[in-house]
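The values are calculated or read from the model by the stated rules, or taken from the named source; none is laboratory data. Because the structure is predicted, anything quoted here is derived from the model rather than measured. Here Cβ is always computed from backbone atoms with ideal geometry, including for glycine, and neighbour counts include all displayed protein chains. When the accessible area is computed, the model is the full protein with side chains, heavy atoms only, and any ligands, DNA or RNA have been set aside. Shrake-Rupley method; radii C 1.70, N 1.55, O 1.52, S 1.80 Å.
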Amino acid sequence: MKTVPDMDKVPDADWASGAASCRCDFSYVPKIPDPYCESGAELVLRMMDEASAKAGDAQVITADALTIGDRLAEKPLRTLAALGYRGVYRIDAGESETPFDPSYTAQLIAGFCQREQYDLIVMGMESFDEGSRLVPYYLAEHLGLPCITDAVSLSPAGEDRIRISFRLGDDLITETVKTPLVVTVGDVPSCLLRVPTLRQRNAAKRNAVQLVEPAKLDLPAPGHGAPRLIRLDTIDQSRQTQRFEGSAEEAARKILALCQERGISL
Amino acid sequence: MRFVLVASWIPADPSENKTKASLPWDADRLSALLSAGGLRPEDGETILILESDADADRGAFSDADLNGLAAKAPTAAVTFLMSPRFRGDMICDALLPLITDADLVLFSAGASGDELACRMSRRTGGSSITAANSFSLCDDCLLVSRRTYAGHMTGTWQLSQKPWCVSLSRTLSQPDTAVTEALKTTDSSETSETSFALSHRQVRFHHVCQPDSLQASDRIRTHQEASDNALSEADIILAAGRGVGSARGALKASEYAEKLGACLGCSRPVVMSAWLPMDRLLGVSGSLTSPRLVIVCGASGAPAFFTGIESAETVIAINTDTDASIMNKADLAITGDWNEILTQLTQLR
C-alpha cells in the first residue's frame, strides 16, 4: 500500500520549479493512498469475505499490509488494520538521494516477503506519482514467482489456489491458478476501499503499525542496472483558448459558430 | 548496434478462430523511432510472440497469417515464438537465448511488454525502463524519455548497463499523420512491401514449453470487442467527466452524444464509479484519439486523461470551474452547466 501526493493539488507553477531542480517537492501536498493499491486492498478483503462465507470452508485467509515510507504513510495502514488486516508494517527507507528508485523498493519488499513467505502478493500496477511500472516485475523476479497483471477479481479456490480474472490485451481471462504468485491491480470499477466503522477502528488500536528496519532484512542483490533520472521537463498541453461566459443559448451558438468556422458539422 | 524488437503478445482471436494479423505498433511511427535512434533494420531482429495451441505446430495461425505478420516486421530477420498462454517468467526463459548478443531490446507497449522488459533486464544483468516515448544514444548509454508524475512531466532517464530493455509507450501504437506524411516526403520507407514470401525472410520458429500443471482446464476467455476502436476512429467525441455527477448524468451525456452524432468517451472517475463501461475510457489507460472535435463536459482535464484527446483538432470544454486545468487546454472554454448548454446545442444545430 503506497501513499502518493495528490497530484491534483499541485499548482501548475510548482511543476516548473520541479523540472528546474530535477526533483519535485511534494512535502506540502496532502497524501492519499495510491488508488491502484486501494483497489488491490479491497479485492483482498472481498476474497477474505468470500472465504469466510463459504459453508464448511476451513480455509482461513489472513492478510498483512506493507508500506514503504515515513510516518505519514501509516494512516492507510491503520485503516487496513481496522478492516481486518492481521499485520500492518512500515519500512522506513529514509530519504532517498534519488527520487525514483524502483529497484531498491522491490528489494525491500522482496526482503520482507521472503521473511514472511506469502502465498499471494497483491500490489498496484503502477504508482500514481512515478509510475515506473517496474516494482512488481522486479519483485516477481527476486522471488522467482509468476506475475499476473491487471487483475479485476480474486476468489479463493481451495488449497494453494485462487481464481483470478485479469485483462490481457482486449481479453478478459478467468482461470484458477496456483499460488504463490504476484498479482497487480489496475483500474477496477466499483472497487473503492470500504470505510471501517468506529467500532472497527477502536478494536484495531491494539494492532499497531510495526516498523521494519531495512538493515534487518536480507535484501536480494539487484542483479540489474537501475535507470537514472537526469532531466525533468514540464508538458505544455495548453492552447490559444477563447474563454466564454454567458447564457446556455449563447454558449451553444458560440460552439456552433466555432464548428462552422472549422468546417465541422454536428 | 544490434537490436531486437519484441511484439510481446499477439493473441489468437477465438471468436472467429482467426488471428488478429496486426502488429502492436504503428509501422510509420516505429520506423521513425528506430531511425531517430540511429537503428538500421538490417542490424535488428523482430520476435513475434504468438498465442498458439500447444498441440498444434502453429495453432490458429495459417501460413498466410504468418506471412502477413512477417511482412510487416521492420527487420529482415523474424522469429516466431509460440506460447499457449502469456506467462512472463516462462516466455523470458525462451527469450533469453534469442537476445544474448543484443544491445537494445524493445518491447511492445502494455503490461506484457513492461513485464518482459523488466524481467529480461534482471536475467541479463542489463537495465530496463517502461513506456518509452523516445530514445537516443549518448556516450554508450541510452537516454529514454517517458511521462511521469501522472503525466504532468516528461522525464529523461539514462540507462547504462546493457542490454537495454525498453518497453514502448502506447502512444506509439497510434498513427501520427505528421510522421506518416514526413515518411512519404522523404521516401525513405523501403519496407512497405505489399507481399513478402516467408522464404525471403530469415524466419525461425520457437516454442515456449509449459508444464501440464499450468494448463488451466477451467480457463474462460471473453474477447472484448474493441469499442475503443469506435472511439479511436471517431470524428466527434463527447467526453464526460466526474462533473456529469451520476450514472444518470452519464446516461444523459450518452443521449446528447447520439443526437450530436458523437462517440461517447469519459474520464477515469466515471468508469471507476461504473457510470460508464471501461471501454469508454479516454487517456493513457484507455483510448488515444485524434478526432476533429471533442467536447469535454465536467472533466478537470488531468494530464493522463487529456493525453487521450490532445491530438484533437478542436477541443471545447464546458465546466463550472473556471480554474480547472481543462480550461487552458481547450480552444474554446465555456463556463457553465453542461446539461443546459448541450440541451441548447442539440436544439439549435
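Scanning the range A:167-181 for residues that are facing chain B (nearest Cβ under 10 Å) and either β-branched (Val, Ile, Thr) or open to solvent by 20 Å² or more (accessible area, probe 1.4 Å) (or both) returns A:ARG167, A:LEU168, A:GLY169, A:ASP170, A:LEU172, A:ILE173, A:THR174, A:THR176, A:VAL177, A:LYS178. Scanning the range A:205-222 for residues that are at pLDDT below 90 and either open to solvent by less than 40 Å² (accessible area, probe 1.4 Å) or polar (S, T, N, Q) (or both) returns A:ASN207, A:PRO214, A:LEU217, A:PRO220. Filtering the range B:279-292 down to residues that are over 27 Å from A:SER127 (Cβ atoms) and open to solvent by 20 Å² or more (accessible area, probe 1.4 Å), which residue is farthest from the other protein chains (Cβ to nearest Cβ)? That would be B:SER290.
Among the residues making up the range A:62-81, a single one is surrounded by fewer than 16 Cβ atoms within 10 Å (Cβ to Cβ), touching a Lys or Arg at 6+ places or on another chain (Cβ under 8 Å) and in a loop (DSSP other than H, G, I, E, B): A:THR62. Just checking, does the range A:213-224 include any residue being farther than 26 Å from B:VAL315 by Cβ and either polar (S, T, N, Q) or within 7 Å of another protein chain (Cβ to nearest Cβ) (or both)? Yes - at least one qualifying residue is present in the range A:213-224. Any idea which of A:VAL152, A:VAL122, A:VAL135 is of a type in the set (A, V, I, L, M) and open to solvent by 40 Å² or more (accessible area, probe 1.4 Å)? Residue meeting the stated conditions: A:VAL122.
If the condition is being more than 24 Å from B:MET272 (Cβ to Cβ), assigned to a helix (DSSP H, G or I) and in contact with a strand residue (DSSP E or B) (Cβ under 9 Å, 6 or more places away or on another chain), then the range A:36-61 contributes only A:ALA51. Selection of the range B:231-264 for residues being in a helix (DSSP H, G or I), at pLDDT below 95 and in contact with a Cys (Cβ under 8 Å, 6 or more places away or on another chain) yields only B:LEU231.
A quick yes/no check of all residues on (1) open to solvent by less than 70 Å² (accessible area, probe 1.4 Å); (2) not acidic (Asp, Glu):
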| site | (1), (2) |
| --- | --- |
| A:ALA19 | yes, yes |
| A:GLU38 | yes, no |
| A:ALA51 | yes, yes |
| A:VAL60 | no, yes |
| A:LEU83 | yes, yes |
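The number of residues in the range B:293-324 that are more than 7 Å from every other protein chain (Cβ to nearest Cβ) and either under 17 Å from the mean Cα position of the chain (by Cα) or among the aromatic types (Phe, Trp, Tyr) (or both) comes to 6. Taking the range A:1-34 as the search range and keeping residues that are within 13 Å of chain B (Cβ to nearest Cβ) and touching a helix residue (DSSP H, G or I) at 6+ places or on another chain (Cβ under 8 Å), which one is nearest to A:ASP187 (Cα to Cα)? Only one residue fits best here, namely A:VAL29.
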